[in-house]
Each structure stands twice: as C-alpha cells, then as structure tokens.
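The values are calculated or read from the model by the stated rules, or taken from the named source; none is laboratory data. Just so it is clear, the structure is predicted and the values come from calculations on it, not from any experiment. Cβ atoms come from the backbone with ideal geometry, glycine included; neighbour counts cover every protein chain shown.
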Amino acid sequence: MGINFKQETFRDDFSFRNSPEQVRRFPFPFHEDGYMYSVNIEPHVPGAKNTVFEHLFDVDEHYVSEMHDRALVLAEDPLRCQSLPHMTLAGWDTLELLMTEKAKSYPEHFSLTRDGDKWHWVNRPLGIDDRFTFGDTSTLPYDPLEYITRQSQGDFAVLDQRDGNLWMDAGIVTTQADWSLDFDIGMNFFEWHAPVPLAHEMGVFKRALKFLMALQQGQPARRHNWTMTINPRLDTSPENYHKWGTDRTTVTPENVGDKVHLRVEIQMFFRLPRSNALLFPIRCYLIKMDELVTSPKWARRFHRVLRDLPPELAEYKGLVRYRPTVVEWLSKYDDGAPTSPGFGPD
Amino acid sequence: MRAGSNRIDVTVTDVVVVNELVKRFHFERTHGGILPTFSGGAHVVVEMRDEGKTRLNPYSLMSSPLDTRDYTISVRRDDAGRGGSLFMHREVKPGQRMVISNPVNLFSLDLRAKKHLMIAGGIGITPFMAQTAQLAGRGGNFELHYACRNDALATYADVLTARYDRRIHLYRDDHGEKLDLEKLLSTQPLGTYLYVCGPAGMIKWVRATAAEAGWPDETVHFEHFAAPQPGKPFDVRLAVSEVDIRVGEHESLLEAIEAAGLNPPYLCRGGVCGQCETNVISYDGKFLHNDHWLSEEDHRSGCKIMPCVSRFEGKSLTLER
C-alpha cells in the first residue's frame, strides 16, 4: 500500500495538517519531563514499523507538498542551494545514497535502474522519469545535489573533512530553524555552531566533532533537536525573517492549539564513499498543539519541559514572547500524573 | 558507539607474487555482490586468525575506487615484524574465507586541489594506486614521484608508467637517482597539494622541506605506515574492567586488551586516528610512545597512551579501561 500524499500549504493559508496516523508516528523528542543539551547521538539503523525510523530516509504524507514548497523557496532565492566547486563528487555520492535508499524502501513510489554509469530514475509521486549518466553533470537538469534534494524531504548540509575539521561547503536549506546556508557556507564546525549558548562551555561540540570525524561508511548515526514554530511554516529562515518573525506576536490563548507547533529535527550523519565527505540531512517534523495533546503523556510532558526550560535556551530558540501563553494553555492537559519513561505516546 | 555492521565476509580470489617482498591479495564478497564504494587513500582492517590469536592489520586499498567488484591490497613481507605480514604471505591462499572491515579513509585527497603532487617511498605506493585511478577517471591533475631501492623492488612502477606515462617519475637508489625535492616544490603551480606516504624518515624529510619552502601545513598530507613494533613483554592492570593482562613480545597493547574481551574503539591501528587513546591512572616505569596522535606534552605527562602502537617497560602500569 502506498502513501496517501496530501495537497497542502506551508505558507499563506497554512493548510498543513497531520493525519491521526501521522500524529502517532511523530518523533516526540523528550524521553523525560525535562530538557538539557546532550550529544544524544545513536546509530541510525532502520527502526520499528510505522515510525519515522522505519527506513533510513523517511517519506511521509507531506512529501509532495514539501517538495512544492522547496521549489517556491528556490525560485525566490537560488542561494538556498550552494555547492563549492570541490563538492560535486559529494553531490554524486548524495544522489546515489538517496536514490538507492528510496528505491529500496518505497519501490511502489521510486525506482532506479543502473547499467554501469547509465542510470534510469523514476519518481512517481513527483512525475519524474529521467535517464542520465552517473558522474556527468551535463546529463541532469541541476547539479546532482540540487537534483536529488529537490526530491527529498528535509535540508541537507554536505561537510568536507580536512585539516582536522568539518567544513560546510555545500547544501540545500529551505526548511530551517533560523539559520542560513548562504551565511554559513565555507565555515568550519566551530564557526557555524558559534551562536549556540551553553553547549561550548559544556565541551559538547569538541566531543561531537571527534565523533563525526571518525564516523565510518556503512555506520550512519542520528540525533534530534527541537524548537517551536508559529504557523506551520517550513521556511523559517533569517533571509525571510521579516515574513515570519512577527508571527510570534500573534499567539493568544484562543489560537494556541492551531497556531503553535512543536518542531522536531532528525539530524543524520552519513560518511560518503567517494568524496569522504559527511552528509548531514536535517529532517523537520511539525505538529500542532491540538494534535500533540491527543496523546495525554506527550501533553503532560511537553507542559513540564516548556515550563522548566532554562531561560538561555528559551531565548536561543526564540520562545520567550509566547512561552507563558503556551505553558498556560498546556497546563489544562497536565493533571500532575507521572509520565512513563521513553518517547512514545502511551 | 558503533552503528551497523563493520565487517564484510570475503573470499580470497587470487594471490599474486609481485616481487621478492610483495604479494597482492584479491578479495570478493563471499556471498556475491559488489563491495562498498570507497575513496582513494582508504584502508581496510584485515582480520587474521593465527593459531588462536586474532590479528587486525590495516592495509591500503590499491584497486580502483571505480570498480568495486573486488578489493586488492599489497602486503610487503616484514621478516622482523610481529608476524601479520608473514601470516598473509605464508598462510593466505586463494579460496580462503576472511573478514575485513568497511573502508576507512584517513589519507583522503583534498578535492580543492588544482594539482595533486604525490611522493611515495617503497610500499607506500599502495594508496596512490587507488588515488591515481580515482583522479584519472575524472581528468584530475596529478604527478607521482616514486622512490624505491631498485628495479626489482619498484612495486607497480611498470603498471603506473603504462597507465600514466610521463606523470610518473621513478627514482632508483641503486642507479643513484635522487629526487630533487627543493626544486620540485619550488616549481609547482598555485593550488598544488602535496601527499606523501612511505617510511618515517621520508615523511619527515618531505614535511620539513615543504615547511622550509613555505608550504602551509594544510596543503601537506601524509600517511605513516606505522605498524606496531614488537618489544619486551609487560604487565598491565585494566582498572575499569578489573583485569590484569600481559602484553606479549609480538603483541600490541591494543591486541592484548582485545584478547581480554574488551572492545576499545579503533580505526587505524597505526597511531594516527586517536580513537583508542587511553588514560593512564598510575605507572612506575618508562613509556615507549610510537604514535603520531598525542602531543609531545601528552607524551611527557605520562597521563595518556595509544595502545595500538605504544609500549611500556617497568614495574607497573594501570590504565583506565
């Protein structure tokens, strides 16, 4: 049975909704009633059925609409996708990884036929049927990174590894939590993480870098991060801050359930075989407060996490203005009962 | 933390005598299918079951990254070594099943380079076999300077010359041919990156000459072929696991720790990658540091050791493992 792809928007009238099935598979990010940074890296191995970890690259009901939104962002601002000249090979690595995994995980929607370097790619949901020569950029309508990531949910940063550091030398970034590829391009690991509070002092980034530099082929890893977004907008970029920044002032006790979203990122790490670069996909999942509280455990726990969040983190995540309103709203769903350990709904 | 499986079951499909010191080994997947794609400069760790002892030795992949139906490595026999190369030469035959790791690259090409200038000594030629194949397939600009003892030990010089002609420069000791490194380095175009793989003395010479000529550190890449050296046996207390172990003459400290049932992380097993770095809790004696990872200060402090290549002589050593 195939996925039932929805037609919806992430801008203007914001028609985005999760189906009840999609709510149940939401990657709720809190395993306990509180939150502090941790490296929280785990092996990225295929997980349980009907979770977002069932396949290495999750495709869900929002796929077609998310790809349409990405095309709109790129049409307005082509600098959302960039690749420095030495990163083309890493782009081909990325294309191979995404095509082979998608075709393997969702054969009813994607297929790939390889005859040496003559490849035939079919993407049924997006109506794409292309033949090209692997390694020859002139046979594709875009460079390989842009071509395949216009067909893949989530942002992708491609990190070159050299001189004992990682360098953000390519990527496509249209569904981001307020960071800019155009600003970060060419930066190293410590430079692009410089704005993050507290974590540097905790030594988090040094440990994370050491781990990532040693990441091996065939042994991908993942972690998660979270923030909140007002209205289901994928493109909360610095470039478009003028379009969404003021949304934060529009939260009222009456509209919390529909307007306020928990935004979870699943960040993955893959060693790319030809280029020895690291692929860093950042997949964004949104859930409305109305949808979240359909799980009593998630409602109780998120109320406690948000209420007790250290002020520096609330500031960094941009939640300060509307946090009290949301905490008050969520408190109606928290009877003080204990919550069970682990991420899942009860 | 380790994700997924790092081990690949392979069958030895061919063993080729290259010259009096070097044999080449071909591996294919035992259960069929192509092997993982890799990048030039990568190595695999080969598991050897040698009379109840497990040896894990890293070898550079020398086959073309563009063709992964099989992997090939070349092993130089080291009669004074700890026995890994002798095992490969004496015991490994076509048809034999072995286990290797996924490829790991600690000697990667810098793809920003306008030109790749490669300097090889002896068996240090192997990673360049894969790197030149990778670059040639994409029209990359490279030049290889290869020093060896004589024609008989100029491993793969004939193959490379046939493939790449004037891009290969050979220097034979017994013909009195000598690489004029100062001149070579002073005549390179902007955007050239330098790679060196060979004996420790050669790496030191190339790095020092490049530094003297003003080459930035980031443009000089090198790979040490530092196999662990044998030495006097010594005793170690592993404090975390509460185990006492003895490191044999032909065994590395890392191998002895593994033989005790522990699994410390590793990638290179040659003192370069830093994965197996171990804290010293207490000691009474002298460290024999052979790694390229720890700083001189770390070496002097007596607080850290790289168990893959370094040893110890003295009364007692307690490690945080």
message = Restricting to the stretch A:175-199, name every residue that is of a type in the set (Gly, Ala, Ser) and free of Cβ contacts under 8 Å to residues at least 12 places away in the same chain.
response = A:Ala194
inquiry  = On the basis of being at pLDDT 95 or above and either basic (Lys, Arg) or under 27 Å from A:Thr88 (Cα atoms) (or both), does B:Ala130 make the cut?
reply    = yes
remark   = The strands (runs of 3 or more DSSP E) lying entirely within the stretch B:208-321 that contain at least 1 residues which are crowded, with 19+ Cβ neighbours inside 10 Å and within 14 Å of chain A (Cβ to nearest Cβ) are B:220-224
remark   = Scanning the stretch A:151-173 for residues that are more than 14 Å from chain B (Cβ to nearest Cβ) and among the small types (Gly, Ala, Ser), the one nearest to the chain's Cα centre (by Cα) turns out to be A:Gly154
task = Would you check if there is a residue in the stretch A:44-61 being within 21 Å of A:Asp143 (Cβ to Cβ), in contact (Cβ under 8 Å) with a residue 24 or more places away in the chain and either part of a helix (DSSP H, G or I) or in contact with a Pro (Cβ under 7 Å, 6 or more places away or on another chain) (or both)?
result = no
ask   = For the subset of the stretch A:24-43 comprising residues that are within 14 Å of chain B (Cβ to nearest Cβ) and in a loop (DSSP other than H, G, I, E, B), which member is surrounded by the most Cβ atoms within 10 Å (Cβ to Cβ)?
value = A:Ile41
key: Some residue of the stretch A:108-117 being closer than 25 Å to A:Thr236 by Cβ and not charged (D, E, K, R)   = no
inquiry  = Here is a check on your reading of the model: is B:Arg207 touching a Phe, Trp or Tyr at 6+ places or on another chain (Cβ under 8 Å) and either modelled with pLDDT of 95 or more or not small (Gly, Ala, Ser) (or both)?
reply    = yes
note = The lone condition B:Ser74 fails out of (1) at pLDDT 95 or above; (2) more than 14 Å from the chain's Cα centre (by Cα) is (2)
note = If we keep only residues of the stretch A:73-123 that are away from chain B (no Cβ under 14 Å) and in a loop (DSSP other than H, G, I, E, B), then the residue surrounded by the most Cβ atoms within 10 Å (Cβ to Cβ) is A:Tyr106
One residue from A:Arg248, A:Arg222 being within 14 Å of chain B (Cβ to nearest Cβ) and closer than 24 Å to A:Trp298 by Cα = A:Arg222
request  = Filter the stretch A:222-273 for residues that are assigned to a strand (DSSP E or B) and among the basic types (Lys, Arg) and give the result.
outcome  = A:Arg222, A:Arg223, A:Arg263, A:Arg271
